[in-house]
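Some notes on the structure that comes next.
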Amino acid sequence: MSQIIKAPAGDNNGMVDMFARTISYLRLSLTDRCNLKCMYCVSEDEQEEGCLSKLKHEELLSYEELLRVVRVAVEMGITKLRLTGGEPLVRNKVMRFIEQLADVDNLDDIRITTNGVLLEKYAERLYAAGVNKINISLDTLKPERFARITGVDCFDRVWRGIEKARQVGFSPVKLNMVVMRGINDDELPDFARMSRETEMQIRFIEFMPIGASSRWDKSTYMTTDEIKERLSVAGELIPLSSGRADGPASMFRLGEDARGKLGFISPISHHFCDRCNRLRLTSEGMLRSCLLHDRETDLRSVLRQGGADIDEKIRATLLAAIRDKPKGHQMEERLKEQGSDCHGRMSRIGG
Ligand code: SAM
């Protein structure tokens, strides 16, 4: 039976949850819109027809509302912020918003996850604004396969975006590859080798069974152990200690002389729930304390009630979401019993 450890009352502004985890990391989904239609994010019909259901503008949190939440969250102890989506860079006037975020007192760690399509255009401004880390999603190095996985033929554009990010000073640029058996697993050694020749960090992510439209199934899913085994042809994996910037990734180097690193993110097979410090805000203002649990707390209604004590109410709602954070997602067990019952879409939750 699991033992419930009560959070010490008043500790760290209440940012310690029921299982003694300190919540210090907020992920904001800026929009559910995306300029790609990746096969794990949308259904086959949506990929073919491009008829994605989208939130209406008024359903999204406004930049003003987002800034208000961030200011309160940072006062409470959030130290790290990640912008994601959908594709964060497609939201109108996003750069002005990011520049305002960078002015929030005591917020020095702003990161972004992007598909790279608009990076050639925005990398320089992002870096100048103070975004300090960038993760770029890239599941293949083959242009034709890229078009099949993402529904859009723009590999070269993304590659130019990656190059631009490196040029303007992001270091290391992290590339995230979702590994799917039979779809891109034959490219594992090629991805790993990039970490030998460049300072980039290549991160292999286990394919998660999330979203009603996910094409996840047990045959496409590969565990980190299996991924590592497949990399043995590329060289020796030398374990490294993980730093704060590595998040949940376990870190390796491919041979002694590699310039970059490899990271393995294993949300299913070696889940990191006991160390999870995250809270997510979906694009329509729902607080979600676990990516793989559909339980959410409505912050948008609170924001739109208004009133002089609005910041107090935001604080109380953030605390309620933290109190509600489950001990773990238990996805392995849930899969054995009934298959995934996690229906939230990555694009609105923010991957
Ligand atoms: N548009 C941005 C991008 O592509 O990086 C941010 C949003 S995207 C949903 C964030 C990340 O979630 C991407 O790296 C994507 O590969 C990952 N992702 C989406 N669905 C996933 C799944 N079922 N399993 C594992 N990773 C997934």
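Read-outs throughout are calculated quantities, based only on the coordinates presented, and are distinct from any laboratory measurement. Because the structure is a prediction, the values reported are computed rather than measured. Methodologically, a virtual Cβ is constructed for each residue, glycine included, from the backbone with ideal geometry; neighbour enumeration extends over all protein chains shown.
Listed by chain and number, the aspartates and glutamates placed with their C-alpha closer than 18 angstrom to that of residue 261 are 139, 163, 187, 190, 197, 199, 206, 225, 229, 236, 246; residues fewer than eight positions away on the same chain are left out. Using a cut-off of 28 Å between Cα atoms, the listed pairs 93/164; 37/174; 80/142 include 80/142 as exceeding that distance. Largest GNM mean-square fluctuation across 116, 306, 169, computed for the chain with C-alpha springs under 10 Å, falls on 306. Phi-derived couplings, Karplus 6.51 cos²θ - 1.76 cosθ + 1.60 at θ = phi - 60°, listed residue by residue for region 163-178: 4, 5, 4, 5, 4, 6, x, 5, 7, x, 6, 9, 9, 9, 10, 7 Hz, with x used for Gly and Pro. Translational diffusion coefficient of region 39-189 (Stokes-Einstein, Kirkwood radius from Cα pairs, 25 °C, 0.890 mPa s): 145 µm²/s.
Dipole of region 145-259 computed with +1 at Lys/Arg Cβ and -1 at Asp/Glu Cβ about the Cα centre; of 250, 176, 154, farthest Cα towards the positive end is 154. Considering helices alone, the calculated mean residue ellipticity of the chain at 222 nm is -9000 deg cm²/dmol, with DSSP H runs of length four and up weighted by -39500 (n - 2.57) and normalised per residue. The local environment of residue 63, defined by Cβ-Cβ distances under 10 Å, has a net charge of +2 under the rule Lys, Arg +1 and Asp, Glu -1. The separation of region 212-242 from region 174-203, counted between C-alpha centres, amounts to 10 Å. Computed from Cα positions, the angle between helix 63-76 and the longest principal axis of the chain comes to roughly 80 degrees. Structure remark: mean-square fluctuation, Gaussian network model of the chain, C-alpha springs under 10 Å; the largest value among 289, 301, 137 belongs to 301. From largest to smallest, the equivalent ellipsoid semi-axes obtained for the chain from the alpha-carbon gyration tensor read 30, 24, 21 Å. Counting neighbouring beta carbons within 10 Å and listing from fewest to most, the residues 60, 335, 81, 262 come out as 335, 81, 60, 262. Between 179, 90, 233, the GNM of the chain built on Cα springs shorter than 10 angstrom shows 233 fluctuating the most. Per-residue Karplus couplings for region 137-144, computed as 6.51 cos²θ - 1.76 cosθ + 1.60 with θ equal to phi - 60°, are listed in order as 7, 8, 9, 7, 9, 9, x, 5 Hz, Gly and Pro entered as x.
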